[in-house]
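Each value in this text was obtained by applying a stated rule to the coordinates, not by laboratory testing. Since the structure is predicted, the reported quantities are computational estimates derived from the model, not experimental observations. Using ideal geometry, Cβ is built from the backbone for each residue, glycine included, and neighbour counts are taken over all protein chains shown.
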Amino acid sequence: MLEQKVSLIEAANALKGGMFVHLHGYSTNKTKKEDGVEKVVFFEKSNVTVHADANYERTHQRSAEQLDEIEKDKQLNFTIVRNAWVDKDGNEYNRKAKGRTLKENIKENITAQDKDLPEAIAKVRKGIIDPRKVTDNMEKIAKSTFENEITGKIYFRNVLVEKKVSVEKQGEYPISCQERVNAIADAIRDMLPVGQYRTYILSDETVAKVDGSVEPRFEYIDLMHDLVSSSSSSEE
């Protein structure tokens, strides 16, 4: 449990929508099961700046409006990079199977005339106007600050990423393959406010690195110059 919970709540409640909040030394990792054992294959520590207490409805409304503009743009032009499993006939798949070869970093230029663009836009629009409902057992304890009643972890959510700077990486991010239309949809979503919507864990816990050492989940969070450190960080 975050020892500075009271300080965090007080600082978070003083926030106003759109204010900048800085998360310093925020750590994440990715794991992969190898021989039945879960192994850390990628670790990243970043300094992240976000807009706090974003309005959910307004964020989705702005995203819908911007998506309409993208759909109308006859000069639309952007690049996607994806991976795929390819069979001997050149057919692409998103899953590994016998006779398929992994093809990485397929770079494609997407224009307004692309055959998969309409379906990709439809996928993004559905996610905006009819988002998937998830039961997350969250209780709001302050602005943008929630506590999970099951795990006891505290989360900073309803925030939009303004800037992310990676300060340390270990390992390789796990390769994932996806259908071309989904890769296009992801790229379009990243252009919209909903694509910058994030949730961060603020509880006292450590994150394992590839080399077997650990880092605190975060070092400190700066809310209007009120610094709240994690206990796991302050103990080091």
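Before moving on, here are some points about what is shown:
- In percent, rounded to a whole number, the relative contact order of the range 65-118 is 40, using alpha-carbon pairs under 8 Å and six or more apart.
- Relative contact order of the range 1-102: 19 percent, from C-alpha pairs under 8 Å at least 6 residues apart in sequence.
- Counting every other Cβ atom within 10 Å of each residue's Cβ, Ile110, Ile184 order from fewest to most as Ile110, Ile184.
- Residue-by-residue Karplus 3J(HN,Hα) for the range 80-94, coefficients 6.51, -1.76, 1.60, Hz, glycine and proline x: 10, 10, 9, 10, 7, 8, 10, 8, 5, 8, x, 6, 9, 9, 9
- The GluC sites (Glu not before Pro) found in the range 122-201 that occupy coil by DSSP, while having at most 11 further C-beta atoms within 10 Å, are Glu149, Glu172.
- Taken over the range 45-85, the percentage of Cα pairs per 5 Å bin, counting from 0 up to the bin with the maximum distance, is 5, 14, 12, 14, 16, 21, 13, 4, 0.
- Relative contact order computed over the range 5-234 (Cα-Cα under 8 Å; 6+ residues apart), in percent: 30 percent
- 37 °C / 0.692 mPa s Stokes-Einstein diffusion coefficient of the range 121-234, Kirkwood radius on C-alpha pairs, µm²/s: 193 µm²/s
- Relative packing of 13-23, 70-80, 211-221, 43-53, which averages over residues the other C-beta atoms within 10 Å, highest first: 43-53, 211-221, 13-23, 70-80
- Close amide H partners of Gln178, meaning residues 5 or more places away or on another chain with modelled amide H under 5 Å apart, are Asn83.
- Kirkwood Rh in Å, taken over the range 5-234 so that all alpha-carbon pairs contribute: 20.0 Å
- Stokes-Einstein D (µm²/s) once Rh is taken as the Kirkwood radius of the range 1-140 over alpha-carbon pairs, at 4 °C in 1.567 mPa s: 64 µm²/s
- Distance between the range 71-96 and the range 139-201 - C-alpha centres, whole angstrom: 23 Å
- In this structure, the amide hydrogen of Phe42, modeled 1.01 Å from its nitrogen in the peptide plane, lies closer than 5 angstrom to those of Lys30, counting only residues at least 5 positions away or on a different chain.
- Estimated FRET transfer efficiency when R0 is 41 angstrom, pair Gln61-Val37 (beta carbons, to 0.05): 0.35
- Charge dipole (debye, nearest 20) of the range 1-154; +1 at Cβ of Lys and Arg, -1 at Cβ of Asp and Glu: 400 debye
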